[in-house]
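First up is the structure itself, then whatever we jot down about it.
The values are calculated or read from the model by the stated rules, or taken from the named source; none is laboratory data. Predicted model only: the values in this text are computed from it and were never measured. Quick reminder, even Gly has a Cβ in these numbers, built from the backbone with ideal geometry, and neighbours come from all protein chains shown.
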């Protein structure tokens, strides 16, 4: 995972970002979450503890965390981005039925990047690999 919540908050403070209880809660939720939540899911999880917090507050803080490099935004063609605080090199398996996203490790595909650069002339900046199918729960036969 790399950065702890406290390290991330200290780094933000050093750039002049004010630390609010909501900001701390959003970042903690993301760093503790293995589910790659959407902004709405974060809002629903935190609104009981922060009833005055708006969805706009969630979005603004997520944008701040992405720009600061603490969180990765995952977009999959639908309207709801998902957010991942695990910035290590890893890949995702995505359930086409329920949308669940699960991390998995595999050696970095540096050869693929090198071949892509050679064949296209692109200066390759990274890649994303996703595996699609059904998660265990959705694949179970329902009786």
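Structural remarks
- Looking across the stretch 106-116 at every residue that is surrounded by 13 or more Cβ atoms within 10 Å (Cβ to Cβ) and in a helix (DSSP H, G or I), the one that is nearest to the chain's Cα centre (by Cα) is identified as 113.
- The numbered conditions (1) loosely packed, with under 13 Cβ neighbours inside 10 Å; (2) more than 27 Å from residue 22 (Cβ to Cβ) are all true for residue 75 except (2).
- Extreme residue, surrounded by the fewest Cβ atoms within 10 Å (Cβ to Cβ), among residues of the stretch 1-11 that are in a helix (DSSP H, G or I) and in contact (Cβ under 8 Å) with a residue 40 or more places away in the chain: 11
- Scanning the stretch 117-143 for residues that are modelled with pLDDT of 90 or more and surrounded by 11 or more Cβ atoms within 10 Å (Cβ to Cβ), we see that the one that is farthest from the chain's Cα centre (by Cα) is 117.
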